[in-house]
Each structure stands twice: as structure tokens, then as C-alpha cells.
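The structure appears below as C-alpha cells.
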Amino acid sequence: MIDAIEKNLQRGIKLLNTISDEQYSDCSVPPYYSSIGNNMRHILDVFSCIFKGIDNGVIDFSNRERNELAQMKTDAGITYFRQIIDQLKLVNPEDFDKIVKVTDDLGTGKITTNYTLSSALVQAHSHTIHHYASIGLIIEKLGIELPDADFGYNPTTPRKTNV
């Protein structure tokens, strides 16, 4: 699990190494007017929430860092990615079945429920893929090349083939 998540996060670093700060922070693409940087920072904030809560078993997805520099500057974004990957590598696989309390606001207020640590990590990984797909739309509209053919694709999504 850790290897798959790290591989996916490395895709983000690969993209950031190929674009400018202006492209990274460009909020001109409708309908959401959200930048690549906004999405990347949000992805990493979710992982950060997990790592902040591992020790005490309480994860609050609504208590995100929202580091503006990490969404404006590619170097800061890359640093944030590397910090998250370093923390990911410290997760002990023996803790995957540990029960953690997860809090989030689903739109009608905060709720708290029990997860395993592995289910929180899987959710963050799926969330990353979802946001990479949104970033893929922004990339296309800005005329930037995707970093690789799997960027933003869930491994279980069928691919359209030319017949």
C-alpha cells in the first residue's frame, strides 16, 4: 500500500518539476477556477491530517493546513510532497488495522466515525487520484502535457481503446 501511494505522489512531483509557478498557480480555468497548486496543496493537506493524528488515533480532515505558499510556488509544493512522502514511509504496516477516529464535515456539520489507519490512507490515495483527474482538465486547458499516461486514472477504470 505504501509503495502504491508513494508512486502516485511521485507523479505530482514529476508534474511540478515540468511547470512554472505561473502555470501552477493559474486559476483561470472554468468552471471551478482552481489552480493546479490549489488541488495539490489540498491533496497533501489530507495526508497531513492523517499523519498529525496517527499517534493519538484522532484524524480531523476538516483541520487542514492550507499552506498558501505550497499552492503558489512549485518549489514549496515539491517540498510539501517530499515531507508527506517521508511521513508516509514512517507508517508501520503493523498499524494498518489500528482503529482511528476520523472527523470530517460532510456538508451538514462534522461527524466522527471509526476507520482503520489503512482505510484512511486508502481514502487519501483515492482522493489524490480524483484530484489528479481534475488537475488533468486544468493541464489540458492550459496546454500542458500530462506527466505520464496514468496521471489521474484510477487503476480500476477501463481505458477506451481504439477499435
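Could you state how much accessible area R64 has, in square angstrom rounded to the nearest 10, with a 1.4 Å probe and all protein chains kept in place?
60
Taking amide H positions as placed 1.01 Å from N in the peptide plane, with prolines and chain starts having none, which residues 5 or more places from I59, or on another chain, fall under 5 Å of its amide H?
K101, V102, T103
Between the alpha-carbon centers of segment 121-157 and segment 77-111, tell me the distance in whole angstrom.
For segment 121-157 versus segment 77-111, the Cα centre distance is 19 Å.
With +1 on each Lys and Arg Cβ and -1 on each Asp and Glu Cβ, how big is the dipole of the chain about its Cα centre, in debye rounded to the nearest 20?
The dipole of the chain has a size of about 240 debye.
For segment 10-144, compute Rh as the Kirkwood radius over C-alpha pairs and then the Stokes-Einstein diffusion coefficient at 37 °C and 0.692 mPa s; write the answer in µm²/s, rounded to an integer.
211
What FRET efficiency do you get for L137 and L69 if R0 is 30 Å and r is their Cβ-Cβ distance, rounded to the nearest 0.05?
0.80
Given points 7 Å out from each Cα along the Cα-Cβ axis, report the E145 to S28 separation in nanometres with one decimal.
2.2
Stretched out fully, how many nm does the piece from N17 to H130 gain, at 0.36 nm a residue minus the Cα gap?
38.6 nm
Say R0 is 35 Å: what FRET efficiency, to the nearest 0.05, do D55 and T79 get from their beta-carbon distance?
Given R0 = 35 Å and the Cβ-Cβ separation, E is 0.95.
Counting only protein heavy atoms, what percent of the accessible surface of the chain is carbon or sulfur at a 1.4 Å probe?
With neighbouring chains kept in place, the figure for the chain is 50 percent.
The values are calculated or read from the model by the stated rules, or taken from the named source; none is laboratory data. Computed from a predicted model, the values in this text were never measured in an experiment. Every residue, glycine as well, gets a Cβ built from its backbone with ideal geometry; the counts of neighbours run over all protein chains shown. Keep in mind that these areas ignore ligands, DNA and RNA; they rest on the heavy atoms of the full protein, side chains included. Shrake-Rupley method; radii C 1.70, N 1.55, O 1.52, S 1.80 Å.
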